[in-house]
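Each value in this text was obtained by applying a stated rule to the coordinates, not by laboratory testing. Here the structure is a predicted model, which means the values were calculated and not measured. Every residue, glycine among them, receives a Cβ derived from its backbone with ideal geometry; neighbour counts consider all protein chains shown.
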Amino acid sequence: MVMSLLMLHKAAVLVSIIGFFARGIGHIFQHNWITKKPVKIVPHIVDTLLIVSAVAVVAMTGFSFSDPWIVAKILGLIAYIGLGLMAFRFAKTRGAKALYWLLALVVLFYLVAVAVHKQAWPF
């Protein structure tokens, strides 16, 4: 069961990253498809699946929400969400959108590295 949840989580991570990258391009270059309803709804579904699967994996394994690398992931996730909001909702200029989007991608890279190495500072 844990392995199935972990595979689901990894698949959701991949879909979420691809979607975030594509939406960033769409926002920066002001493509019309970015305003379509599925583009606004699907990321919430994928990210909910991602978070629920992560919590389930932690609950079913020996990990603890107080493990330093999991705390780092939670804090990183908060930063990623904030940067994503800035990029997609609050930034007004193309340059600001691109900057926040790139910073969010850096945080995303950090989150993946933390998950792979299971250390708060994986570099």
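A few comments on the model shown:
- With an a/c value of 1.5 or above and a/b not larger than b/c for the gyration tensor axes a ≥ b ≥ c computed over the alpha-carbon atoms, region 41-123 is described as oblate.
- Net charge of neighbours whose Cβ lies under 12 Å from the Cβ of LYS40, counting Lys and Arg as +1 and Asp and Glu as -1: +4
- CD proxy at 222 nm, helix term only [per DSSP H run n ≥ 4: -39500 (n - 2.57); per residue of the chain; nearest 500]: -26500 deg cm²/dmol
- Derived scalar couplings ³J(HN,Hα) [region 2-14; Karplus, 6.51 cos²θ - 1.76 cosθ + 1.60; whole Hz; x for Gly, Pro]: 4, 5, 5, 5, 5, 5, 4, 4, 5, 5, 5, 4, 4
- Computed magnitude of the charge dipole of the chain (debye, nearest 20; Cβ of K, R +1, Cβ of D, E -1): 520
- Distance from region 59-123 to region 19-40 (C-alpha centre basis), Å: 20
- Cut-off 13 Å between beta-carbons: net charge of the residues surrounding VAL116, Lys and Arg +1, Asp and Glu -1: +3
- Under the criterion of Cα pairs below 8 Å and six or more residues apart, the relative contact order for region 19-123 equals 30 percent.
- Dipole of the chain, positive direction: furthest Cα of ALA115, LEU6, GLY76, with charges on the beta-carbon: GLY76
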